[in-house]
Amino acid sequence: MEVCYQLPVLPLDRPVPKHVLSRRGAISFSSSSSLFGGPAPRQLSKRRGAISYDSEDQTALYIRMLDVRVRSQVGFEPERRGSHPYLYVDFRTLHSRPEAAWPVSARNVRRLLSFQRYLHSSRFFHGIPASNPLGYILDDDFTGQAKLMLQKVGNWNFDIFLFDRLTNGNSLVNLTFHLFNTYGLIELFQLDMVKLRRFLVMIQEDYRCQNPYHNAVHAADVTQAMYCYLQEPKLAETLTSCDLLLGLLAAATHDLDHPGVNQPFLIKTDHYLAALYKNSSVLENHHWKSAVGLLRESDLLSHLPTEDRLNMEERLGSLILATDISRQNDYLSEFRTHLDKGDLCLTNGGHRHFILQMALKCADICNPCRPWKLSKQWSEKVTEEFFHQGDIERKHNLEVTPLCDRQSNSVANIQIGFMAYVVEPLFVEWSRFSNTRLSQTMMSHLSLNKHGWKEGRDKQEVSSSRASEEQRTPPTKDSNSKVLPQGSKGS
């Protein structure tokens, strides 16, 4: 049977089957183009790859483009999705000779061919019976050390950097698949393992690896932290299977396709995403719509009733939107009010969803609550990303965001402020809600890490002041010293 992921290895002079063209995601095309009786190409020029440019068209969900490089009638080539206009593509050029087309994006060839190699190499697809069909997928992908680490995936000291190295950069795929298997979600929701695998691979690929912080490793770290919170007694006793599924999905996709800059940067540069989402939770809306697009492309939930599927997509969006740091005080005030009144009832679906939101918020910014060895690495990575944005702003004569100015800030100052004004207030309330050993451990690490940054900052300030004093003070001459003439020897 011919399936869509085989398309990139077909000769370009071979006619593309109609059933392949009809599958969204198999090739970059618009079903509303003039070849299919739709509007003229010029009417499509406002489309921007992943998201519609039209600010009123918020129902357009992440049209995937696999970067099949063909010459458009407008004279441009669409590169990475989301970064160039969605231009008209003449599919008749696909039937011409290879020299008439440009090479396929290496990024997507790697994605599709690796998935194809996986299908052909897995014993699961060779008809070998097994009492546990998941075992073959796990055996093929997990090294012995990675397996040992996954046995302690619920440990707060879990080293996601080491796990990412052991899995050859596939920490998000392997960790999330393992957690789905641990909770039995594959059987409960009758998920197709191949579709799930493909979905997770696409998620990992759509995180931008050039981002120092907002990348797939961060998503894997947040997913692992979310699992730790889901294991807390209050949650473990009350959450439903649907809650668990959505919690893990939201953690894995909460920063999907993050551009490595913040919302104010997108607004002041008139980015099309800011226009699309009307300057409100711009990045979070983009992450959500991107996640829904991958869910639909992979058909992971296509077997569920339409009403249930749409409801899950909306709840997924509600969780991801809660990670908007600009709305931190709103969620924190509501959380504090519930705790003061003592009216949280986790048998209530609305209250459970709110706690999932708070858990995801905690997981998203929990780095200062990790052991110093891990926390310090994350602090350096996020600051590097901040400073990179500041460098871009300075280069293009834009107002430099204070937090992103490397000339007036340091890693220590940024982290101390972040811990004091953002992290600590949130985790104090979470500890009130779930006063467990894990909460006590997180608060202990937070205190130690804050002290560590303050101590390092103080030492740096002392050394800097000494250096400046030495530069200002001229060297003193010894009046008793004598200058010997050249060639003479002292007695």
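For His287, the solvent-accessible surface with a 1.4 Å probe is about 0 Å², rounded to the nearest 10. Kindly state, to the nearest 0.05, the FRET efficiency for His353 paired with Phe161, given R0 = 45 Å and r defined as their beta-carbon distance. Efficiency computed from Cβ-Cβ geometry: 0.90. When nucleic acids and ligands are ignored and a 1.4 Å probe is applied, Asp270 ends up with an accessible area of around 130 Å². Label point of Ser241 set 7 angstrom out along Cα-Cβ; within region 178-212, amide nitrogens under 15 Å from it belong to 180-193. Return the FRET efficiency for the residue pair Leu310, Glu469: r is the Cβ-Cβ distance, R0 is 60 Å, and the value is rounded to the nearest 0.05. Efficiency at R0 = 60 Å is approximately 0.35.
Taking label positions 7 Å along the Cα-Cβ direction at both Val428 and Lys278, the computed distance is 3.5 nm, reported to one decimal. Placing +1 on each Lys and Arg Cβ and -1 on each Asp and Glu Cβ, with no other charges, gives region 164-306 a dipole about its Cα centre of roughly 240 debye. Dipole size of region 241-315 about its Cα centre, with +1 on Lys/Arg Cβ and -1 on Asp/Glu Cβ: approximately 260 debye, rounded to the nearest 20. Couplings 3J(HN,Hα) for region 245-254, derived from phi with the Karplus relation 6.51 cos²θ - 1.76 cosθ + 1.60 (θ = phi - 60°), are 4, 5, x, 5, 4, 5, 5, 6, 10, 5 Hz, where x marks Gly and Pro. Solvent-accessible surface of protein heavy atoms, probed at 1.4 angstrom with all chains present, puts Cys369, Cys209 in the order Cys209, Cys369, largest first. With a threshold of 21 Å on the Cα-Cα distance, the over-threshold entries among Lys341/Lys450; Lys376/Lys450; Lys234/Lys373; Lys376/Lys459; Lys381/Lys450 are Lys341/Lys450; Lys234/Lys373. On the beta carbon distance between Asp192 and Val462, with R0 = 41 Å, the FRET formula returns roughly 0.10.
The values are calculated or read from the model by the stated rules, or taken from the named source; none is laboratory data. Just so you know, these numbers come straight off a predicted model, no measurement behind them. So basically every Cβ, Gly included, is an ideal-geometry build from the backbone, and we count neighbours across all protein chains shown. Side chains included, ligands, DNA and RNA excluded: accessible areas come from the protein's heavy atoms. Shrake-Rupley method; radii C 1.70, N 1.55, O 1.52, S 1.80 Å.
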